[in-house]
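Before any comments, here is the structure.
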Amino acid sequence: MRRNLSRSENLYAGEIRTQAVRFCVVRGGVDPELLDTAYTALLAEHPSLRCRVAQDADGSFLSPLAPDELPRLVVRPGDPDALTKEWNTPLPLGGPLVRLVLLTGADEDTLLIGADHVICDGRSAMALFFRLWQLYAGIRAGTHPAADTPRQDWPVAIDDRLAPRAEADLDAYVQARLDRAEGAPVAALPYLAARSGGAAPEEGLTHSRRVRLTASETTGLLAFARSAGASVHGLVAATFLAAVRSGLPAQYDDHRLACVSTVDLRERVEPALSREVMIPAASWYQDLVDVPAGADLVGLGRRLGAGLSAGIDRGDPALELQSLDRLLAHPQLLAASLVVTNAGRVALPPPPPGLEFVDLRGFAVSSKAPSFLQQGPVLASLMTVHDRFRIEMPYSTQCFTESQMDAVHDQVSTTLREFAGRAPVQPG
């Protein structure tokens, strides 16, 4: 039994692999034996979680693991560095495509689940995380029936769910992208750590800086965005681009910046696709903008939000996947100064009795940093949890220095709080 990878899924099947990690801090004492039982039930629901990526003359495909190769829960004692070590642990090539780790502590435990992007995107990774806790609660309460046999039906790739396009339409789309790319080149933040020698390869780690607004600051940011006629996504992207511009050398003053926003295609196919389906179903939209020093960030935010909405309405994200072979022939069309993912407002599932969810985080981690390049995008993962807006900024210490990420973090944090403070006063 095998399931060939689609064109877009093959993007994630190379030497550099990425996994979507989701982790939460739990208070109250997680039962490892019960969690392992829930994990086994979760694996039974998804054939993609019980497979590996293999290759032959016909290309890459998903192939089932032997019963003794199936992933199991790993339990380790937590310490100040344990979580960073865990999210930096890559999934083994040729091995399972999912991992679950419980880091135990005196008062709080931390649960991490990582899934290869070959079989998931950010939305399905979050759904997987929620389903695990649902199974945990159901098994504990005795309300979850034991599965008869594991599911064997492979999910259909997003490529095969999109409405077909004529070759002439794809050619025209790529030509339009080439026309738009004409002019000033794209600049991205330089990899100063790589240029200076930075961390040794074995010491290179993915870290993440966080911007966390309070509930009142989140309310203020939303109110300000509405009053300004901009989306929060657009304002945040504009703020990050301004921070990138501040970190560029003077010789890049005449360059444009490229903002790439990921777009979920699950609700843009017929029939709509549940986020519980374990496939990568995300595409992207690239916008090229001039961002001079001292740019009007509110105006830029409106511009970015409107451009993203118009691109989605035109169906550009679907065309990006359908034109992938053509786009890969023109690397400049995939340039990015900033990549923004947006999970939106995330409602946590009800915790099992006796447990409390204290914190939730999530972002993508690569198995290998592209430090051989001279520059690269800043990554920003947006999420609102417990009515508090959060941004994760994952970065490799082999690429960016701490001072570079500190500068971006501080500028973004300060600007967003200034926006929140400018929210119109509601009549009493």
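So here's what we get for this one:
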| quantity | calculated |
| --- | --- |
| Highest-fluctuation residue, L328, L128, L192 considered, GNM on the chain with Cα pairs under 10 Å | L328 |
| Contour minus Cα-Cα distance for E356 and F130 (0.36 nm per residue) | 80.0 nm |
| The stretch 1-80 - Rg (one decimal) and Dmax (whole number), Cα, Å | 16.1, 51 |
| Translational diffusion coefficient (Stokes-Einstein; Kirkwood radius from C-alpha pairs) of the stretch 301-350 at 20 °C, 1.002 mPa s, in µm²/s | 159 |
| Accessible area (Å², 1.4 Å probe, nearest 10) - R27 | 90 |
| Probe 1.4 Å, accessible area per residue of the stretch 125-173, Å² | 58 |
| Options G94, P394, S8, ranked by Cα towards positive dipole end of the chain, top entry (Cβ charges) | P394 |
| Top of H386, H233, H207 by mean-square fluctuation, Gaussian network on the chain, Cα under 10 Å | H386 |
| Where the stretch 366-425 is the region considered: accessible area per residue in Å², 1.4 Å probe | 44 |
| Nitroxide proxy distance, nm - points 7 Å out along Cα→Cβ at E402 and A310 | 4.4 |
| Computed over the chain: relative contact order in percent, which uses C-alpha pairs under 8 Å that are six or more apart | 25 |
| Accessible-area ranking of E33, E356, largest first, probe 1.4 Å | E33, E356 |
| Helix-only mean residue ellipticity at 222 nm for the chain, each DSSP H run of n ≥ 4 adding -39500 (n - 2.57), per residue, nearest 500 | -10000 deg cm²/dmol |
| Cβ-based charge dipole, the chain, positive-most Cα from P185, A242, A282 | A242 |
| Dipole in debye (nearest 20) - the chain, about Cα centre, beta carbon charges: Lys, Arg +1; Asp, Glu -1 | 600 |
| Equivalent ellipsoid semi-axes - Cα gyration tensor, the stretch 161-304, angstrom | 29, 24, 21 |
| 13 Å cut-off, amide nitrogen to a point 7 angstrom out along T143 Cα→Cβ, residues in the stretch 340-369 | 350-353 |
| Within the stretch 1-124: Cβ-based charge dipole about Cα centre, in debye rounded to nearest 20 (Lys, Arg +1; Asp, Glu -1) | 400 |
| Probe 1.4 Å - accessible area at F372, Å² to nearest ten | 140 |
| Positive dipole terminus of the chain, leading residue within G229, P349, Q332 (C-beta point charges) | G229 |
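The values are calculated or read from the model by the stated rules, or taken from the named source; none is laboratory data. Predicted model, so just to flag it, every value in this text is computed and none were measured. Note that each Cβ is placed from the backbone with ideal geometry, even for glycine, and that neighbours are counted across all protein chains shown. Only protein heavy atoms, including side chains, enter the accessible area calculation; ligands, DNA and RNA are left aside. Shrake-Rupley method; radii C 1.70, N 1.55, O 1.52, S 1.80 Å.
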